[in-house]
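One structure is given below, encoded as structure tokens.
The values are calculated or read from the model by the stated rules, or taken from the named source; none is laboratory data. As the structure is a computational prediction, the values presented were derived from the model and not from experiment. Cβ placement follows ideal geometry from the backbone for every residue including glycine, while neighbour counts extend to all protein chains displayed. These accessible areas exclude ligands, DNA and RNA; they are computed on the full protein's heavy atoms, side chains included. Shrake-Rupley method; radii C 1.70, N 1.55, O 1.52, S 1.80 Å.
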Amino acid sequence: MPMRMRLILAAFLLIAGMIVFLWFAPGSYQIYLALHVIAIVIWVGGDVTLTTLGIVFERRADGETLAALGKMGAWIGTRVYTPVLFAAFGLGVALVEKGNWGWSTFWIDFAIAGWAVAAAVGVGFVGPELGRIDRAAATHGPDSPEVFRRVKRLFTIFRFDTALLILIVLDMTAKPTF
């Protein structure tokens with residue numbers, strides 16, 4: 001079966017499954033929750049994956065692969081991660097309102113503050129820095145000191161960003177009441 005056909009079939013099965021599961025959801029809160037969780041899985045899972053790959057290739061000092069990873073990260077960041085981070089936030093707001101959680105609880109405040117930091121880092125630094133790494137690799141070569149300096153800084157920030165996202169997930173699932 002050609003790859004395009006497999007992609008179409010997988011998309012069809014996903015959409016059909018979503019329609020059936022969400023059609024029979026008890027209410028809109030469960031629908032928002034399901035979509036919110038999907039957005040978080042894509043966003044946080046992608047962040048953990050890129051961070052892990054970055055650590056592996058950084059330790060190998062494989063400039064060419066790091067440059068390729070940066071190019072892929074820039075592509076997927078703008079087309080997948082940025083839209084889902086905003087979807088996660090919007091669906092989270094809907095969940096707070098629909099669930100009558102209230103806005104003055106620690107776990108909601110921490111999640112909003114953490115989301116704002118992660119969004120600012122992702123959109124304001126990571127995306128542009130991936131572009132700068134790509135240009136530096138094209139200009140100086142993927143194994144240049146400039147590329148390694150930028151990649152090392154980027155993956156240091158990725159580690160903290162990943163830690164923050166995991167803390168937000170723990171916060172939202174445990175709902176601590178300080």
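Okay, here's what the table says:
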quantity	calculated
Degrees, to the nearest 10: 145-174 long Cα axis against longest axis of the chain	10 degrees
Share of carbon and sulfur in the accessible heavy-atom surface of the chain [1.4 Å probe, %]	73 percent
The chain: projected area of the alpha-carbon convex hull, averaged over directions, in nm²	12.5 nm²
Highest-MSF residue in the chain out of Phe86, Phe12, Phe148 [GNM, Cα springs under 10 Å]	Phe12
Virtual spin-label span in nm between Val117 and Ala10, 7 Å along Cα→Cβ	3.4 nm
Sequence-separation-based contact order of the range 32-178, relative, with Cα cut under 8 Å and 6+ spacing, percent	37 percent
Per residue value of the accessible surface for the chain (all protein chains in place, 1.4 Å probe), Å²	61 Å²
Principal semi-axes in Å for the range 99-165 [√(5λ), Cα gyration tensor, largest first]	35, 11, 6
Whole-Hz ³J(HN,Hα) from phi, Karplus 6.51 cos²θ - 1.76 cosθ + 1.60, for the range 33-45, glycine and proline x	5, 4, 5, 4, 5, 4, 4, 5, 4, 5, 5, 5, x
Rh (Kirkwood; distinct C-alpha pairs) - the range 13-66, Å	13.7 Å
Spacing of the two label points (7 Å from each Cα toward its C-beta) at Thr173 and Val37, in nm	1.0 nm
Angle between the chain longest axis and helix 63-76 axis [Cα atoms, degrees, rounded to 10]	30 degrees
Highest-MSF residue in the chain out of Leu13, Leu85, Leu69 [GNM, Cα springs under 10 Å]	Leu13
Residues whose placed amide H lies under 5 Å from that of Ser144, excluding near-sequence neighbours	none
For the range 60-178, size of Cβ-based charge dipole, Lys and Arg +1, Asp and Glu -1, in debye	140 debye
Approximate spin-label separation Asp143-Phe106, in nm, with each point projected 7 Å along Cα-to-Cβ	5.2 nm
Between helix 127-140 and the chain: long-axis angle, C-alpha atoms, 0 to 90°, nearest 10	20 degrees
